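Read-outs: derived from the displayed coordinates by stated rules, not from any lab. In this text, all values refer to a predicted model and were calculated from it rather than measured experimentally. Counting neighbours? That spans all protein chains shown, and the Cβs are built from the backbone with ideal geometry, glycine included.
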Amino acid sequence: MSNYHIKHLEEYYQVYRKSIRDPENFWEEIAGEHFLWRKKWDKVLDWDFKKPEIKWFEGAQLNITENCIDRHLTTKSDQTAILFEPNDPNEEAEHITYGQLHKRVNQFANVLKEQGVKRGDRVCIYVPMIPELAISLLACARIGAIHSVVFAGFSSKALATRINDSDCKMVITADGSYRGSKTIDLKGIVDEALKSCKGVQTVLVAKRINSEITMKAGRDKWLQPLLDKASYKCKAEIMNAEDPLFILYTSGSTGKPKGMVHTTGGYMVYTAYTFKNAFQYKENDVYWCTADIGWITGHSYIVYGPLANGATTVLFEGVPSYPDFGRFWDIVDKHKVNQFYTAPTAIRALAKQGVELIQKYDLSSLKVLGSVGEPINEEAWHWYNDNVGKSKSPIIDSWWQTETGGIMITPIPYVTPTKPTYATLPFIGIQPCLMDEEGKQLKGNQVDGRLCIKFPWPSIARTIWGNHQRYKETYFSAYDNMYFTGDGALRDEVGYYRITGRVDDVIIVSGHNLGTAPIEDAINEHPAISESAIVGFPHDIKGSALYGYITLKDAGESRNHENLRKEINQLISDRIGPISKLDKIQFTTGLPKTRSGKIMRRILRKIASKDTSNLGDTSTLLNPECVQDIMDNAL
Ligand code: PRX
């Protein structure tokens with residue numbers, strides 16, 4: 001029996017048990033039957049969480065682009081691989097077939113070679129969401145260069161830090177990018193960054209917005225003329241399964257960003273297998289993930305996972321609000337999207353708008369809705385379910401991390417019954433467990449604790465670039481022989497997991513451990529409220545007390561704030577208990593967010609604690625302007 005595509009719950013349990021009882025045989029079968037290897041492995045798995053060292057499919061050889069492109073050419077040469085939807089809805093969408101993708105990746109790979117990039121070299125990719133972005137990742141992989149994508153919205157400082165940390169010799173960028181009605185001067189940001197990056201020899205520049213930019217002689221080269229001259233044949237470099245495929249930086253709670261290193265074979269197998277099942281992708285479906293390729297979600301579930309399955313994956317350049325807040329639904333309707341994967345922050349922003357913007361469009365093609373990146377609050381879950389999914393498309397609330405490479409806990413749509421705010425069951429092969437603060441494993445159901453993973457899975461990051469010690473300390477030192485996720489979670493009576501948020505978001509009030517997510521959920525039920533964030537601040541008697549930052553749906557509305565405060569605390573009292581009531585409630589015009597849409601609680605905590613002397617680096621925030629406003633009105 002092939003276990004590659006799970007179709008009902010009983011089968012899930014059966015395959016899950018098999019994957020736990022005998023992981024090596026299980027993964028050997030999945031890897032052996034569904035991928036193209038130049039040479040099979042000598043050993044399926046070798047691991048030691050103490051060192052830590054994890055190796056999957058050691059001795060195997062492959063090239064991931066042969067799996068993502070070449071092997072589909074016999075049957076899918078004319079099928080769309082990447083469907084590019086530009087920022088401007090009046091600009092025509094571009095359908096890049098597997099045949100065309102093959103040529104474009106090979107040409108790009110030849111340009112890289114010609115410019116001196118070799119196997120193992122690091123290439124920084126700072127490109128907006130245009131086809132060249134996906135193609136540049138694949139071109140690096142074609143020749144065995146290690147890509148390090150930096151989200152093309154990060155500042156020059158953030159870019160320079162990342163370029164230097166992994167010693168990139170080339171930067172791929174564009175003249176500029178579109179973002180709704182605005183343009184961003186990307187090349188200017190690169191120029192600024194490179195003032196402090198001595199190792200970069202070449203900058204390849206894609207033309208997107210046709211702006212006037214300066215090109216530094218000898219270093220900067222327009223991409224297109226080089227591509228035009230390049231051959232569209234490029235032999236794939238044969239890589240070892242454990243050769244690094246890419247580095248992707250993720251911010252820790254302290255210190256400089258961590259360059260998570262993902263390797264080739266295991267990453268490919270796991271992202272492809274999760275993609276197939278978590279989205280129930282079927283031949284000819286159109287799949288759309290709204291994330292940016294600058295994040296792990298885009299790497300795994302716009303590029304590698306979908307292409308390894310021969311899927312059609314949408315690549316959207318724009319933003320949900322341009323030309324209006326109906327844009328997502330317009331695109332779903334226009335391209336008849338079947339699977340739609342987005343983040344709670346986008347869902348909440350869209351839910352603030354009227355449902356008329358949805359009703360204008362035909363969303364009947366949708367079969368699966370996904371959510372990722374942070375806990376999805378109950379109100380947003382229902383809004384998504386009722387208005388977008390019309391109560392017929394299951395929502396997969398998928399929990400995972402940059403470090404995990406692929407989805408770890410998720411419902412499988414049409415297989416796992418969903419439950420609002422629950423990521424539900426571990427994916428095949430994943431062995432989660434909950435630990436208490438003393439390091440004891442919590443057995444049975446109806447418990448909550450710190451989420452760890454007991455056994456390696458194929459796409460776990462293997463190290464932090466240049467700092468294996470930090471890798472060990474961050475993920476393998478909190479609990480003996482376990483990968484520690486940094487998240488808190490609870491397991492309900494049937495064994496479903498609910499992620500309650502980062503453990504550092506746990507606030508202890510009068511000796512009670514309070515997760516912020518359930519409190520925010522309760523607050524967000526209030527019809528006047530669009531978003532909230534709870535942090536702790538020092539309190540003489542309680543140790544810590546709760547401070548709530550709350551954004552109203554209609555900021556201009558003249559509501560009585562005192563009454564609102566009472567209503568909010570009543571709601572919390574009703575839903576969770578009086579212990580979770582807020583001591584302070586500040587109404588805000590917005591909450592500081594990272595570029596990936598996560599609320600920056602670190603800043604809010606400092607303001608609540610009246611410790612604003614050093615707020616840290618706010619330059620990478622999406623909306624740095626709201627910080628001053630929050631400080632000015634702090635309680
Ligand atoms: O706290 C969890 C939260 O996002 C963290 C990982 O962030 P990042 O590495 O940026 O990757 C995001 C995309 C995979 C996790 O430690 N998180 C992610 N998905 C969920 C989530 N929290 C709750 N529910 C989720 N579905």
Completion exercise
Mean separation of Cα contacts under 8 Å (at least 6 apart) over the residue count of the chain, i.e. the relative contact order in percent, is 11
Exercise for the section: Give me Cys68, Cys433 ranked fewest to most by other Cβ atoms within 10 Å of their Cβ, as a rough exposure proxy. Expected result: Cys433, Cys68
Practice task
Please determine, in degrees from 0 to 90 and to the nearest 10, the orientation of helix 9-21 with respect to the longest principal axis defined by the Cα atoms of the chain, where the helix direction is its Cα long axis.
Solution key: 70
Completion exercise
Residues whose modelled amide H sits under 5 Å from the amide H of Gln431, counting only those 5 or more places away in sequence or on another chain, are Lys454, Phe455
Exercise for the section: Give me the distance in nm between label points sitting 7 Å out from Cα along the Cα-to-Cβ direction at Ser573 and Glu114, one decimal. Expected result: 7.3
Practice task
Report the relative contact order of segment 530-597, percent, no decimals, based on alpha-carbon pairs under 8 angstrom and at least 6 residues apart.
Solution key: 36
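What is the calculated FRET efficiency for Gln201 to Asp632, with r their C-beta to C-beta distance and R₀ = 45 Å, to the nearest 0.05? Kindly include the intermediate steps, with their values, before the conclusion.
Numbers: r = 46 Å, r/R0 = 1.03.
With R0 = 45 Å, the Cβ-Cβ based efficiency is 0.45.
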Handout entry: P(r) weight above 27 Å for segment 211-341, C-alpha pairs, percent
Key = 42
Fill in the blank from the handout: The set of residues whose placed amide H lies less than 5 Å from the amide H of Thr312, leaving out same-chain residues fewer than 5 positions away, is Tyr287
Completion exercise
With x for Gly and Pro, the residue-by-residue ³J(HN,Hα) of segment 68-74, computed from phi through the Karplus equation 6.51 cos²θ - 1.76 cosθ + 1.60 at θ = phi - 60° and given in whole Hz, is 8, 10, 3, 5, 8, 5, 5
Exercise for the section: Taking every pair of Cα atoms in segment 430-558, average 1/r, invert it to obtain the Kirkwood radius, and report Rg/Rh to two decimals. Expected result: 1.06
Problem - Extended-chain gain in nm, criterion 0.36 nm per residue less alpha-carbon gap, Ser619 and Ala217 - result: 141.7 nm
Practice task
Select from segment 531-635 those trypsin sites (Lys or Arg not before Pro) which occupy a DSSP coil region and have at most 14 other Cβ atoms within 10 Å, ordered by residue number.
Solution key: Lys553, Arg559, Lys610
Problem - In degrees, nearest ten, helix 131-143 long axis to first principal axis of the chain (Cα) - result: 60
Handout entry: Loop GluC sites (Glu not before Pro), segment 535-635, which have at most 12 other Cβ atoms in a 10 Å radius of their Cβ (DSSP)
Key = Glu557
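Restricting to bridges with both residues inside segment 142-222, how much of the DSSP beta-bridge set is antiparallel, in percent to the nearest 5? Spell out each step's value before the answer.
Numbers: 3 of 11 bridges.
About 25 percent, rounded to the nearest 5.
Over segment 506-632, calculate the relative contact order: mean separation of alpha carbon pairs under 8 Å at least 6 apart, over the residue count, as a percent. Please list the in-between numbers first.
Details: 189 pairs, mean separation 28.9, N = 127.
Dividing the mean separation by the residue count of segment 506-632 yields 23 percent.
Using 21 Å as the Cα-Cα cut-off, could you pick out the over-long pairs in Lys198/Lys221; Lys440/Lys606; Lys7/Lys392; Lys103/Lys207; Lys39/Lys454? Present the calculation step by step, with values, prior to reporting the outcome.
Values: Lys198/Lys221 17 Å; Lys440/Lys606 32 Å; Lys7/Lys392 17 Å; Lys103/Lys207 19 Å; Lys39/Lys454 29 Å.
Among Lys198/Lys221; Lys440/Lys606; Lys7/Lys392; Lys103/Lys207; Lys39/Lys454, the Cα-Cα distance tops 21 Å for Lys440/Lys606; Lys39/Lys454.
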Handout entry: Viscosity 1.002 mPa s, 20 °C: Kirkwood-radius Stokes-Einstein D of the chain over Cα pairs, µm²/s
Key = 85
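List Lys258, Lys336 from most exposed to least, where exposure is judged by having the fewest other Cβ atoms within 10 Å. Show your work: numbers first, answer last.
Working: Lys258 25, Lys336 13.
Placing the least packed residue first, the sequence is Lys336, Lys258.
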Completion exercise
Footprinting proxy, Phe35, Phe57, Phe484, Phe246: sorted fewest to most Cβ within 10 Å, the residues are Phe484, Phe35, Phe246, Phe57
Exercise for the section: With a/c under 1.5 counting as rounded, go ahead and sort segment 162-241 into rounded, prolate or oblate using the C-alpha gyration tensor (a ≥ b ≥ c being the square roots of the eigenvalues; past the cut-off, prolate if a/b is larger than b/c, else oblate). Expected result: oblate
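For Ala555 and Ser477 in the same chain, what is the full-extension length gain: residue separation times 0.36 nm, less their Cα-Cα distance, in nm? Display every interim value, and only then the final one.
On the way: separation 78, 0.36 × 78 = 28.08 nm, distance 4.53 nm.
In short, 23.6 nm is gained.
How much length is gained on full extension from Lys440 to Ile508, taking 0.36 nm per residue of separation minus their Cα-Cα distance? Present the calculation step by step, with values, prior to reporting the outcome.
On the way: separation 68, 0.36 × 68 = 24.48 nm, distance 1.97 nm.
That works out to 22.5 nm of additional length.
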